[in-house]
Structures are given as C-alpha cells and as structure tokens.
Amino acid sequence: MLLLAAFTLAWVFQLAPANAQTADEGKIIYDAKCASCHTIGGGVLVGPDLEGVTTRRESDWLMRWIAEPDVMLAEGDPIAGQMLADFNGIPMPNLALTDAEVASVVVYLDTSLDTPAAEDPTPVVVVVALQPGDPSVGKSLFEGTNRFDNGGPPCLACHSIAGIGALGGGALGPDLTGAYDKFGEDGIASILATTPFQTMSPIFGDRPLTEQEQIHLAEFLKLAPVSGRTAASVGQLALLAAGGAALLLLVTRIIWRRRLKEVRRPMVARSRERIEHSKHARNEQRNAASTMEGR
C-alpha cells in the first residue's frame, strides 16, 4: 500500500511540472501570435476576449478552431460564422500551429482562469512625453517622405490608401482606406504595435515602429476615409490618362498606316489597271466608229 502511494505521488509530481511547462509554452505562443488580436480579461480587441473561453466552448471544437479556422469557416460551422459576423467580417487566420502547440495554448488559456494577475507592490511608472497624433506626419511616414526610426520600409511599398497621389501605392497588401473603421481604434493600435500579419512580421519583427510613429500613423489612417483624392492628384491622373491615350493612338496610327499602305497599293494598282483598260477600250471603240464613218 505504501509502495502504491509512493508511485502515485511520484506520478503527480512528474505530471505537474510537465503541465506547467506546457502552459509556459502556450503563453509564449499566445504572446507571439494571438495577443495582437485578443486579450484575456482585457476586453474585445480585433477578436473576442478569451477569458473563460475554455469553459464557453467544447474542448474539441476549441482545439480545431485554433488549428484550422479557415477550414471551419469554409465548412460553414455555425459558431465560426456567427463570430465572423460579430467581428466585422475579419476572419481568424490559420496560424499553422502544430497539434502540440494548439494543446499548449489551450492549457495556457485554461490555467489563466486560476492565475490572478501578478501585482507589482512597487510599480515603476515611466513617463514618456508623446506628441498628439499628426495626420500629416503619419502621411509622410506612410509615403516614405520621412523614414521610420528603426529603418522599416514605408507602408506605401505594399499598401494603397486614399489621398496619397494619383497612382496610389503597392498591391502586395490590402488597401487601407477603411482599415480604421474595420479594426477600430484598439485594433489599429494593436496591429501597429505588433505587426502580426505574415507578410509584416518578417519585415518589422526586428524593426518595430516606435510608439510615436504608431500614434501618427493611426491618426492618418483614421482620417483616410474622408480625405479622398485631392484636386491636384485627380488632375494628374487625368493628364496621365490623356497622355496614355494619345500615345496609344499615335502608335496605333503608325502601325495601321503601314498596314494600310500594304493593302492599298495592290488595290490602287488594280484600280488603275481597270481604268487604263477602260480608256483603251473606249479609244478602240472611237477609232472603229471613225473608220466606219470614213467608209
């Protein structure tokens, strides 16, 4: 009996550190890939607050949702579809997590229910004087007129947005004209702070935006839907369109002029030949008529 108790205690003590380590691994994954869109007890961000999610959802459903949300949406899962509707049509991306990583995240979410937030008895408050957001500065950062302090590329390289000139921006990323309305103030702040998307992470992972740059960009994005194109940019676009049309007409005329010459030459030659033949026939008729009259 004592031997059985000893084995039981040993198994319990071996299992506890493993679970703790799994939760720690889950926290690392959560902070890297989930925290930009979710909080645990901090309220709604881009996605829902995940506090208590392990009690609200069945375990199998939650595990699969974290692993392959895109597949569940494509299959028409009712819960997934409702969440998509509730959160502005923004789908949860497939994070390409392994089964072990998904399990670690779920364990972390579950243990966070019983883990109160640590309180620092002597908090240190660092006050950083930040300027209010300036949309004009945000625009210059977006376009690349002003460089980011940490050397990241301008947003214009991959994105387009209203009010940045006649030709717009890059096409690798989505148009950001309505991004502020879509993600909201907190969502935009989180995205600019963490750059969580797969195309952004490799670029800004070691060159993050400063807090001041984030504030300026957020203000620019906020005003983008109402800025529209300026009269100057519309005029530039019209001139470019007119110039392009004129160039196209010129090239077409040169090409078709050569083709017309090639087609017209034999037609003109045949026409002249018929005219000469008709003249010759008429002359012969006149000569014949004169001969008959002379007789």
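Coordinate-derived values only; no laboratory data. Quantities reported herein were computed from a predicted structural model and do not represent experimental measurements. Cβ placement follows ideal geometry from the backbone for every residue including glycine, while neighbour counts extend to all protein chains displayed.
Sorted from largest down, what three extents in whole angstroms do the Cα atoms of the range 135-229 have along their principal axes?
34, 25, 23
Which peptide among 217-223, 242-248, 63-69 comes first, and what is the full order, when sorted by highest mean count of other Cβ atoms within 10 Å?
Sorting 217-223, 242-248, 63-69 by mean packing, highest first, produces 217-223, 63-69, 242-248.
Extension gain N94-R286, at 0.36 nm per residue separation less the Cα-Cα distance, in nm?
Length difference between fully extended and current span is 59.6 nm.
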